[in-house]
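Colleague: Attaching a single structure in structure tokens format; questions to follow.
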Amino acid sequence: MAAITAVSDLKPFKSMWKIQVKIIRLWKQYSAAGGLTIEMVLIDSNGVKINASVKKDLVNQFDSFLSQGSSKIIINFSLNPSWVHTEQPYIHLNWFPLHNTCEEL
């Protein structure tokens with residue numbers, strides 16, 4: 001099984017990442033363009049934060065499993081390189097349908 005990657009080491013254009021994070025903020029958001037999504041701010045053990053989004057097609061799959069304050073191991077996702085900030089590495093996560101995993105710690 002793949003080693004856990006620090007959030008600061010995540011790079012775009014790869015889809016086989018494994019991170020261990022705590023959900024420090026979670027909310028649902030609706031937009032006409034994107035439908036209902038789950039939005040989160042995650043933090044790893046080094047204190048590095050990342051923004052994560054569960055798209056509308058996967059909301060039902062992850063809704064009951066994700067909660068603010070819980071720690072998770074998230075596997076098999078891609079990064080959206082157009083949403084990188086300069087002060088802290090916040091990157092938008094794109095989850096892959098049917099092949100993503102989010103495990104309870």
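The values are calculated or read from the model by the stated rules, or taken from the named source; none is laboratory data. As the structure is a prediction and not an experimental result, all values here were calculated from the model. Neighbour counts run over all protein chains shown; Cβ positions are idealised from the backbone, glycine included. Accessible surface areas use protein heavy atoms only, side chains included; no ligands, DNA or RNA. Shrake-Rupley method; radii C 1.70, N 1.55, O 1.52, S 1.80 Å.
Colleague: Counting only other residues whose beta carbon sits under 11 Å from that of V41, what net charge do I get with K and R as +1, D and E as -1? All intermediate terms of the calculation are to be shown ahead of the outcome.
Modeller: Working: positive: K22, R25, K49; negative: E39.
Its environment carries a net charge of +2.
Colleague: Cα-based Rg of the stretch 26-79 per 2.2 N^0.38 Å, rounded to two decimals?
Modeller: Values: Rg = 11.6 Å, N = 54, 2.2 N^0.38 = 10.0 Å.
Against the empirical 2.2 N^0.38 Å value, I get 1.16 for the stretch 26-79.
Colleague: In addition: Might you tell me the accessible area per residue for the stretch 1-67, computed with a 1.4 Å probe and given in Å²? Walk me through the numbers on the way to the answer.
Modeller: Values: 3870 Å² over 67 residues.
Result: 58 Å² per residue.
Colleague: For S31, what charge total do you get from the other residues with a beta carbon under 14 Å from its beta carbon, if Lys and Arg give +1 and Asp and Glu give -1?
Modeller: Net of charged neighbours comes to +2.
Colleague: Note down the net charge around V7, summing +1 for each Lys or Arg and -1 for each Asp or Glu among other residues with Cβ under 13 Å from its Cβ.
Modeller: On the way: positive: K11, K18, K22, K49, K72; negative: D9, D44.
Charge balance in the 13 Å sphere: +3.
Colleague: List the trypsin sites (Lys or Arg not before Pro) within the stretch 9-41 that fall in a DSSP loop (any state other than H, G, I, E or B) and whose Cβ has at most 11 other Cβ atoms within 10 Å. Don't jump to the answer; show the numbers that get you there.
Modeller: Values: sites: K14, K18, K22, R25, K28; in loops: K14.
Of the trypsin sites (Lys or Arg not before Pro), the ones in loops of the stretch 9-41 whose Cβ has at most 11 other Cβ atoms within 10 Å are K14.
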